[in-house]
Each structure stands twice: as C-alpha cells, then as structure tokens.
Amino acid sequence: MPDRPRVLLIGPSAGPVDGALAAVADVEPVSNDPTEVARRLGEGGFAAVVAAPDVAADLLARFRRDELAQELQQQKLDALHAAGRELAGLDADQLTDMDVAARVELLKANLRRTIHDLLKYDTIEVRLLDRTTGELKPLLEDGMLPEAAKRVLYAKPTGNGVTGFVASTGESYLCVDTANDPHYIAGAEGARSSLTVPLKFQEDVIGTLNVESPRTNGFGPDDLQFTELFSKEVAAALHTLELLTAQQVCTVGQSIEAVNREVALSLDDVLTGASAVLARLTDTDPDGAARLRAVLGAARQVKDSIARVGRNMAVGPAPAGPQPLLNKRVLVIESDERLRRAAHLLLERLGATAETAPTGADGVAMAAAGDYDAIFQEVKPPDLGGYDCYRRLRAACPRAPVALTTGFGYDVAHSIVKARADGMKHVLFKPFRQDQVVRAVIEGDGPPGSRVLA
C-alpha cells in the first residue's frame, strides 16, 4: 500500500473538510500559534497545508509583523555596530592633534550621544576598573544623584551595589525592583529598576555600564541583549584609547630619555666646573661667585625643565610607572662614564634629578655648592682616598646621607668599614639595583656605628 500524503491542518477543526481529508491523507493538526506553525513547517514533508480563510489571513499578518520586527531588530544591531566602530575609531594621528584629556572627553561625548539616541536611555553611568586597587572609578554619568556619582565603589560582590557585584562576577544584572533588591544602592532619583552590564575586553572586566528606569521591571530581554552587545563596542573603544595613550606616554618618555642622554653629562660638566671655580672665588671675589651661582642655577633649571616637560606631556590615564624618588636630587661620584649615564637613566626613571661628577674633588665642590637628598660615592675615586672623600662630602653637605658604591673589588683602604663606623648605612653594588637605590635615598644613614647592609 503506497504511503499516504501528510497534510498539516492549522487551527480549529473544519468539520466535514477534516473528514474528507482524513479519507485520503494523514492529517496532522497544529494550533494557530505562529511559532508552533513555523516549527512544524520547518520539519518539511507535508503535501499540503490547510487552514480556514480567517486563520490563514491572521497567520500571514502575524508573520509579516514578525518579519518587520526582525528587520527593525537587525537595523538596530547594524546601528549598534556602526556606532561601535565610530567609538573605536581612535588613531595615533588624532592623539597627535589632541591631548589625552581631550580625547577622553570626545569618547565620553560619543558615548553619551549613542546611549541616548540609539539605546534611548536617559540615566546612565560608566565606571572604569582600576586593576591595581579594584576601585571602579567614574568615567561619565547622566541623571545620577550627586552622592551616587561621587560614591567610591569597588569590584566586590557585597557592599558595593549592583555595580560592584557585576564587576566582581563579570555577569550582567537586571534589578527588576529597586525597593526589594539586596544589591541595589540609590543611583538615580526615583529609579525603580536598573540594568548593569560588565565592560569586558577579551574576557577581562575593565569597567561597568549602568542604566536606570523610573518604572518597575523597566528593562526586558531585548534591552539586555542590545546593552550587552553595545558594551562590547564600548570596551573595545576604551581598550584602544588605553593602548594609544600608553603608546603616546611611552613615545614621550623615550624622547625625553634621548634628550637627557645627549645633554646630561654635558650639563654635569658645567656644574662640576662652575662648582670647582666657585669654591675658590667665594672668599676672594663675591661678584664672580654670585655669577657662578647664577650659572649653576641656570644649568639645574635646564635639567628640571626637561623633566617637567616630560611629565606634562605624559599626563594621562596610563601612568609610566612608580616614581618613589620624585623631586629628590642625588649626586653620583663615579669615574666610569658609562656608569654615570646609567645612573642618570635609573634615577630619572625613579623621579629623581641626577647630577654626576667624575672625580672626588669635583664631587666635593658640587656637594658644597648644591643641596642634595643623597650622595653616591665610588669607594675609590681616582684622585682622593675613599674614606677621605667620604668625610669631605659629609662636611660639605651635612644633610645628605652618603652611600659608598663598589664593583665587588677589594676595599684595600677599608673605606667601607671606616665609613660604617661613622654611621653610613648603605653600600651599593654596581651596576645599581633599583630597590637598593630607593632604600639608600629614602632611608638615609643610621646612627653612628650601625652595621646594616643595603
């Protein structure tokens, strides 16, 4: 017996028609729900589809509405992606023409416009995660209470509102009723519901996007979907800005270091020469001594100006690194020119101003004419005994602790032992290590007789 054809019957029974169909085919009824009808049609294998005229007309109208809704949804998705590309459209040429603060303000303006015009949200807050401290720092807000905008929040699951919860878990959160939600902390005046999504770049949370509504249950699945999609574009734009800012800061830092390399030792020669002559003229030629002090001040001002320009050009959300010796002035007495250059580089990266002298006598003259926070002296200068130079430096600049530096050679004159007996606390080994340098400047000398190794 040949297989009977299959017929899909949509909607309520058609009475006599059903009986006639059943005589020649296998009739499979289905409700007139569009989703169910679409599912059954997708299975295929039906020889015919039968429905009463009114049922068929209703289904066609509903299918057209669904198609229109899908088309509108696709248009919104396309608009979101286009807006995201505009947000992420950051390049080095723009950063050349605009400082970092101006670029951040432009990104914030683009964010506001897109969120208002495309997502139709009026109350918004974007925070960025400080990965060092865990604090969620405000980037922009519209419509939030002043105390909410200034509130200090951390990426923690409790005690930091919905925003802290989302940042700590990396999951979106729909607060359907602010009055009964354990995580919610007042954000916008009169808010009855909120939607908060994490800003993620490559699965790492870099911030949060929060919107609020005056209606209970004011956000649905579509709102969540679109906001999550848009959050990816926002995160990409913020990450791009961070990279370009870091690149700019790095480039500026390299340029300043290059300038310092070219002028540092030449300026040091000016300082050492002027200091040596000043020591001879102080008592015999007051006018000449005053002029030399002006030369010394001008040379130091050149150094400070280079450092200040570098710091000002590198201002932005991506700091170049810790500078524990900021505003400290350190004198380094070292006969090896390569080590003097290396000392400049290390100390200036730590925030200090470095000045160097190639001989003990030059160092003593500079110590007498300058005001230093610390002095590093090689254990055996080429022109003076190590301990003799140490004592002269202490007399010339009493407030500055003196640390002896050595390249692991034998200290024949026992200068280190003698200096320790006078209270010297730190010995630095060459090439200098950053942690030893920082401790020597910050801690200074101990009481006479102390025997603490650096």
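The values are calculated or read from the model by the stated rules, or taken from the named source; none is laboratory data. This is a predicted model, so every value here is computed, not measured. Heads up, the Cβs are rebuilt from the backbone with ideal geometry, glycines too, and the neighbour counts pull from every protein chain shown.
Odds and ends about this structure:
- Residue match in the stretch 157-175 (condition: more than 25 Å from the chain's Cα centre (by Cα), part of a helix (DSSP H, G or I) and in the same structural domain as Tyr121 (by TED's automatic domain parsing)): no
- Test: residue in the stretch 109-118 that is of a type in the set (Lys, Arg) and either part of a loop (DSSP other than H, G, I, E, B) or touching a Leu at 6+ places or on another chain (Cβ under 6 Å) (or both): no
- Per-region count, the stretch 198-212, residues modelled with pLDDT of 90 or more and surrounded by fewer than 23 Cβ atoms within 10 Å (Cβ to Cβ): 1
- Screening Val379 with (1) in contact (Cβ under 8 Å) with a residue 60 or more places away in the chain; (2) crowded, with 21+ Cβ neighbours inside 10 Å; (3) hydrophobic (A, V, I, L, M, F, W, C) gives one miss only, at (1).
- Which listed residue, of Ala365, Ala318, is more than 33 Å from the chain's Cα centre (by Cα) and either modelled with pLDDT of 95 or more or more than 21 Å from Asp435 (Cβ to Cβ) (or both): Ala365
- Matching residues in the stretch 403-421 - criterion: being without any contact (Cβ under 8 Å) to a residue 60 or more places away in the chain, of a type outside the set (Gly, Ala, Ser) and within 14 Å of Ile375 (Cβ to Cβ): Leu404
- Residue check, Arg439 modelled with pLDDT of 90 or more, over 39 Å from the mean Cα position of the chain (by Cα), in the same structural domain as Leu346 (by TED's automatic domain parsing) and crowded, with 17+ Cβ neighbours inside 10 Å: no
- For the stretch 403-438, a residue qualifies if it is of a type in the set (A, V, I, L, M, F, W, C) and farther than 22 Å from Glu348 by Cα, and the qualifying residues are Phe408, Val412, Ala413, Ile416, Val417, Ala419, Ala421, Met424.
- Candidate set from the stretch 193-214 (those that are under 16 Å from the mean Cα position of the chain (by Cα) and not aromatic (Phe, Trp, Tyr)); member that is farthest from Thr178 (Cα to Cα): Gln202
- For the stretch 336-454, the helices (runs of 4 or more DSSP H) that sit wholly inside it and include 2 or more residues that are β-branched (Val, Ile, Thr) and more than 23 Å from Asp304 (Cβ to Cβ) are 415-421.
- Residue match in the stretch 386-402 (condition: surrounded by fewer than 20 Cβ atoms within 10 Å (Cβ to Cβ), closer than 18 Å to Arg340 by Cα and assigned by TED's automatic domain parsing to the domain that holds Glu334): no
- Annotation: of all residues in the stretch 132-151 being of a type in the set (A, V, I, L, M, F, W, C) and surrounded by fewer than 17 Cβ atoms within 10 Å (Cβ to Cβ), the one that is farthest from Gly190 (Cα to Cα) is Ala149.
- None of Asn210, Asn217 is touching an Asp or Glu at 6+ places or on another chain (Cβ under 9 Å) and more than 26 Å from Pro146 (Cβ to Cβ) except Asn217.
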